[in-house]
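Step one of this worksheet: look at the structure below.
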Amino acid sequence: MSKNYRAELVGVFGDPVEENPTGVMEEAAFEALGLPFRYLTIRVIREDLPAAIQAVRAFGMRGINLTIPHKIAVIPYLDELTEAAEIIGAVNTVVNEGGRLIGENTDGKGMLESLQENGCQVKGKNLAIIGAGGAARAIAVEAALAGAKKVTIINRTMEKARELAEMIRHRTGVTAEALPLVPRAPVPERTDILVNGTSIGLYPDVGSKPDIDYAGITPEMVVADVVFNDPNTLFLRTAQAQGAKTINGLGMLANQGAVNFTLWTGKDAPKAIMEQTLRREFGLG
Ligand code: NDP
């Protein structure tokens, strides 16, 4: 059989990208399955994004991740958006389908996958999401598209919460409500799934947690956090003390990487290896 030295290229464009661990996780997965894929972590400054997307086409790259500051700016340069990416209004993953660049958003899909792995279906459930930024927005939209009964957005900047709730109602038909993140904010009644979608608790701010009334968390609830470094957040530890089942942000990040892996390679991702690799990168053993 003749040899094939050609690499299938994927990667991430962002600025800064130096501390982005995605490449290590994806490369470990490619190696585990013996796939000729390479994941490149590439610094692309704002002004160079159009040329960089042109390079994706010229190199016939299988796809690319986008991070700060390109998630919204990339949209005009793509050929198509998935429904979720279009509603969310941001793209973190591009798939090159025979020269057509398709924009997807896998931020929320990772969280839904983590919930599902823990036996928690979103369909028919009441979700309360703290935060209204990129991660919260992606989770809220995916939950609505997956058939959630109600989505409540609790955010410090009330205007952003209102805008997101209104957009969910308008675009998905799912009941959505906005509440302010005031001190000791109540957990909405009948919440099934509570998510911290803010950056509160992210290293080095590990002693902080969203200022909600934790007494409102019950053992029947599933409580999840987007923060992955350190994944054992004070938010989750406090929810555990209330008896709730908890899901951390590291699993969400690994699951998001697994969704990307499958979109690019067409193969099931070795999720355990991806999560293990991330743990090692974060010094968690
Ligand atoms: P954004 O900057 O878009 O949004 C930040 C959100 O956090 C806003 O709702 C903001 O409120 C809120 N917030 C921040 N600080 C405070 C504070 N001190 N008090 C109250 N609210 C606060 O960030 P992203 O949505 O992109 O990221 C959020 C977190 O999610 C990060 O930690 C990121 O690492 C993580 N993430 C995890 C992923 C995973 O796979 N596990 C994937 C993507 C992100 P306001 O609107 O009032 O400013």
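The values are calculated or read from the model by the stated rules, or taken from the named source; none is laboratory data. These figures come from a predicted structure and were not determined experimentally. Neighbour counts run over all protein chains shown; Cβ positions are idealised from the backbone, glycine included. Heavy atoms of the whole protein, side chains included, go into the accessibility calculation; ligands, DNA and RNA do not. Shrake-Rupley method; radii C 1.70, N 1.55, O 1.52, S 1.80 Å.
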(Q) Taking 4 °C and 1.567 mPa s as the conditions, I'd like the Stokes-Einstein D for the range 156-285 in µm²/s, using the Kirkwood hydrodynamic radius from alpha carbon pairs. (A) 79
Q) Which parts of the range 218-252 would a label at residue 203 reach, counting a residue when its backbone N lies under 20 Å from a point 7 Å out along Cα-to-Cβ? A) 225-238, 247-252
Q: Compute the signed sum of charges (Lys and Arg +1, Asp and Glu -1) over the other residues within less than 10 Å, Cβ to Cβ, of residue 131.
A: +3
Q. If you roll a 1.4 Å probe over the chain with all protein chains in place, what percent of the accessible area is carbon or sulfur?
A. 51
Q | Which listed pairs, of 123/160; 209/245; 149/267; 71/267; 209/271; 245/271, have C-alpha distances above 23 Å, in listed order | A | 123/160; 149/267; 71/267; 209/271
Q: Output ³J(HN,Hα) for the range 80-96: one whole-Hz value per residue in order, computed from phi by the Karplus curve 6.51 cos²θ - 1.76 cosθ + 1.60 with θ = phi - 60°, and x for Gly and Pro.
A: 7, 10, 6, 4, 4, 4, 5, 5, 5, x, 8, 10, 10, 9, 10, 10, 8
Q | Rounded accessible area per residue of the range 108-247, 1.4 Å, Å² | A | 45
Q. What is the helix-to-structure angle for 107-117, meaning the angle in degrees between its Cα long axis and the longest Cα principal axis of the chain, kept from 0 to 90 and rounded to the nearest 10?
A. 70
**Q.** Rounded, prolate or oblate (a/c below 1.5 giving rounded, otherwise prolate when a/b exceeds b/c) for the range 30-174 by Cα gyration tensor
**A.** prolate
(Q) Are there any GluC sites (Glu not before Pro) in the range 13-66 that are in a DSSP loop and have at most 13 other Cβ atoms within 10 Å? List them by number. (A) 18, 19
Q. Could you give the angle, 0 to 90 degrees to the nearest 10, between helix 134-145's Cα long axis and the longest principal axis of the Cα atoms of the chain?
A. 80
Q | Total formal charge among the other residues, if their Cβ is under 12 angstrom from that of residue 84, Lys/Arg +1 and Asp/Glu -1 | A | -2
(Q) Could you sort 149, 109, 123 by their accessible area in this structure, using a 1.4 Å probe and putting the largest first? (A) 123, 149, 109
**Q.** Volume of the Cα convex hull of the chain, divided per residue and given in Å³
**A.** 134
Q) With Cβ to Cβ distances under 12 Å as the rule, what net charge do the other residues near residue 166 carry (K, R +1; D, E -1)? A) +1
